[in-house]
Amino acid sequence: MIQMSLKSIMRELKELKDGIGNMSKRGDQSKLWRSRTRSHVAPDEAPLESQLSEQSPWANLPPELLLDIIQRVEESETAWPARAVVVFCAAVCRSWREITKEIVKTPEQCGRLTFPISLKQPGPRESPIQCYIRRDRTSSTFLLFYGLVPSEGESDKLLLAARKVRRATCTDFVISLVADDFSRASNTYVGKLRSNFLGTKFTVYDSQSPCDSRIQSTARPRRRFHSKQVSPRLPACNYIIGTVTYELNVLRTRGPRRMHCILHSIPVSAIQEGGTAPTPSALPQSLDEQLSPLHSSKGKEPIVDTISPSIRATPVFSPGSREPLALKNKAPRWHEQLQCWCLNFKGRVTVASVKNFQLVAAVEPSHNVSPEEQEKVILQFGKIGKDIFTMDYRYPLSAFQAFAISLSCFDTKPACE
C-alpha cells in the first residue's frame, strides 16, 4: 500500500466512488442523484453507501498513512476538474471525511474553492478569485463558473446558479447550488436576491445565519432531506445579510450607475488591521434544523422571512451591535479621446457596459482603515461578450455574496439610467 503511486490511489478512489454511485442510482432517486453530481455538492448519504464505505478496506487505513495520502492529494490537485478527487476523499467514509476537512483550508487561507461551504466563506485577502457568469435569456438563468473565461470544452466548474422570477411588486433571483433545482424546499437552495418595485433597492437573503459557529457546535446532526421529501409549502429560512441600493438619476444625466452596498453580516472591523470576517464551518443540515430554536442567540435573534413577499425581516445584526461594512462603486474617470467613462479592470473586462463596476470600501476616518485597504477592489464585475460577464471577488466577500450583488445588475432600472 505504501508503494502505491498517487495516480493509482486516485484511480481506485474514483472507481470506489463510481461503484457506490452506480448502486445508489438503482433507487427512485436516480434523477436527483444525477443532478447533484453535476455540482461539487455531495449527495444525500444513503444507508447503503454508508455501510459499503465503512466496510471497505479504505476505511481501515492507519491514520498516519491516511493523513499522508490526503495531504498529497490536496497539494497536487489545485484546480478543477482535477480537484474533484479531494471531494472523493471526503466521500469515502467518516474517517476520511474528518481528516479531509482538517486538511482543506478555507478560501481565505488557500485561495481555492473545494466544498460547497467554500462558497459561503470569505475569499483570499491578496489575489482575488476569478469567475465568470453566463446568462441565458430564454430560461432567465445565470450560471456562475470557476475560471478566467469560458473554456472550449465546457469543463468549467459550476459554482452557483440563479433564476430570475418576476412578481407583481418585485423581482426575485433564487440562488441554488445546481442549475436544475431552484426550489426553496430543496437542500441546494442557498439564498436569494429581491428587488423593490422600481429596481433601485435589492435585499440579499441567506439560507443560513452567518453567525452559526455556536449553532454548528450545539446543533444535533441530522440527515438532509431530498427536495421531494419536504412539503413545497414549507419555506426555507431567509436571513437578511445585505442590501444593494442604486441612486436615482433624476436629471437623466449620462454616466455609470451609482451603487451602495451595506453588508449586515460583515462588520467594518473585518477590513481593519487584525480584523476577521464571519466564516461559517458547515452548511445547514436540514430544514428542521434551520427552524429549530438553536438558531437564535442572545441579543441577536435573526428574523425569518417566509415565502410571502409582504413579510418584513430585519438584518442579522442589530444596528447597535456591530457597524456593518459599506461598499461603494469606484468612481470612473472620463477619457477624452474615447469619450467614455473608464475604469482599470486589468484586462478582465473588454466590452463597455453600464453594468460594469468595481466596489471598494466606503469608510470614515474614524474607522482607522489604511489607505491601501481603502483602494483595494473587493468586487469587480464586467462584460466580456454577449451574455458573458466576469466576476472577481476577494476578502471579506464570499462567492455567494459577490454573486448576489452582481445579479442586481441584471434587473431593469429605468429610474437609474
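A few notes on this one:
- Distances between placed amide hydrogens fall under 5 Å for residue 157 paired with 146, all partners being 5 or more residues away or on another chain.
- Global geometry of the stretch 58-104, whether rounded, prolate or oblate, following the gyration tensor of its Cα atoms and the 1.5 cut on a/c: prolate
- Given a 1.4 Å probe and the protein chains as shown, residue 343 ends up with an accessible area of around 50 Å².
- With each label modelled as a point 7 angstrom along the Cα→C-beta vector, the residue 387-residue 136 pair spans 0.9 nm.
- Separation of the residue 72 and residue 326 label points, Cα + 7 Å toward Cβ, nm: 5.4 nm
- Within the accessible area of the stretch 58-104 (1.4 Å probe), percent carbon and sulfur: 52 percent
- A 1.4 Å probe, protein heavy atoms only, puts the accessible area of residue 376 near 50 Å².
- In the assembled protein chains, residue 323 presents an accessible area of approximately 100 Å² (probe radius 1.4 Å).
- In the context of the full set of protein chains, the stretch 58-104 has a per residue accessible area of 48 Å² (1.4 Å probe).
- Annotation: per residue accessible area for the stretch 336-416 equals 42 Å², rounded to a whole number [probe 1.4 Å, protein chains only].
- Over 19 Å between alpha carbons, listed pairs 192/383; 330/383; 346/383; 157/201: 192/383; 157/201
The values are calculated or read from the model by the stated rules, or taken from the named source; none is laboratory data. Bear in mind the structure is a predicted one, so any value in this text is a computation, not a measurement. Cβ coordinates were reconstructed from backbone atoms using ideal geometry, including for glycine residues, and neighbour counts include every protein chain displayed. SASA here: full protein model, heavy atoms, side chains in, ligands and nucleic acids out. Shrake-Rupley method; radii C 1.70, N 1.55, O 1.52, S 1.80 Å.
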